[in-house]
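Below is one structure, written out as structure tokens, with a few remarks after it.
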Amino acid sequence: MKIDILNKSKKKKYLQELSYLGELKSKALLIKTGKERIRAYTGALANEEIWDFWRVFPVEGVGLYIGKENINRSGVREVRLSTDGLHLFGDQVTEGILVLDEEQEIDWFLGKEVVVGGSQVKDLKSYFVAVKSRSSGDFIGIGKLNKDKDLVYNYLPKERRRKEQGS
């Protein structure tokens, strides 16, 4: 597993590519693991110490998994946050917020795609959205709208989903 500690300009570029959620800033060290995963590290180790540690113990990740940068099936570069990344930057997220009602939230937590429309999506400029619960006011994940902006694809990890009753 390859790691790459993002320098100041790469970190700035990554955070700028997430601008569909607002102006995000972080003092954490950003580390790219593998081909696409981005992790945030705020511990006491310096860059060289992280490299020395990784050479001896090539662990998959250092820090908290906060997002991904990859090329989608259409060949377009995409950058998105993970659910943990959304919570890390939660107080800075001011744009691209999709609020779900209680019925939609049930589908969301079951891992299903959610039908949306009208006033829910009229002000959304990006296809990636921060999904928020109307009832609790908390962020509950990251989703991606389809081209028609009438369906949001669910990126909630399987281990965070509810099981359907009777299954």
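Residue 74 sits among other residues whose Cβ lies under 13 Å from its own Cβ, and their net charge, with Lys and Arg +1 and Asp and Glu -1, is +3. Summing Lys and Arg as +1 and Asp and Glu as -1 over all other residues whose Cβ lies under 9 Å from the Cβ of residue 99 gives a net charge of +1. As a rough guide to protection, the peptides 11-22, 111-122, 77-88 ranked by mean Cβ packing within 10 Å, highest first, stand as 77-88, 11-22, 111-122. Under the simplified labelling scheme, the residue 53-residue 84 pair shows an inter-label distance of 1.4 nm, with each label point 7 Å from Cα along Cα→Cβ. Projecting the Cα atoms of 92, 67, 115 onto the charge dipole of the range 1-115, computed from C-beta unit charges around the Cα centre, puts 67 farthest toward the positive end.
Only the Cβ atoms of Lys and Arg (+1) and of Asp and Glu (-1) were treated as charged; on that basis the dipole of the chain about its Cα centre amounts to roughly 640 debye. Legend: calculated FRET efficiency, residue 46 to residue 77, from the Cβ-Cβ distance at R0 = 30 Å, rounded to 0.05, equals 0.50. Using only the alpha carbon atoms of the range 4-48, find the Kirkwood hydrodynamic radius as the inverse mean reciprocal pair distance, in angstroms to one decimal. Computed over the range 4-48, the radius equals 11.2 Å. Taken over the C-alpha atoms, the range 3-91 has Rg and Dmax values of 13.2, 40 angstrom. Estimated from helical segments only, the mean residue ellipticity of the chain at 222 nm is -5500 deg cm²/dmol, where each DSSP H run of four or more residues counts as -39500 (n - 2.57). Radius of gyration (Cα atoms) of the range 96-160, expressed as a multiple of 2.2 N^0.38 Å: 0.98.
Taken together, the values in this text are just the output of simple stated rules run on the coordinates, not laboratory data. Every value quoted in this text rests on a predicted model; they were computed, and no experiment measured them. Neighbour counts are summed over all protein chains in view; Cβ atoms, including those assigned to glycine, are modelled from backbone coordinates with ideal geometry.
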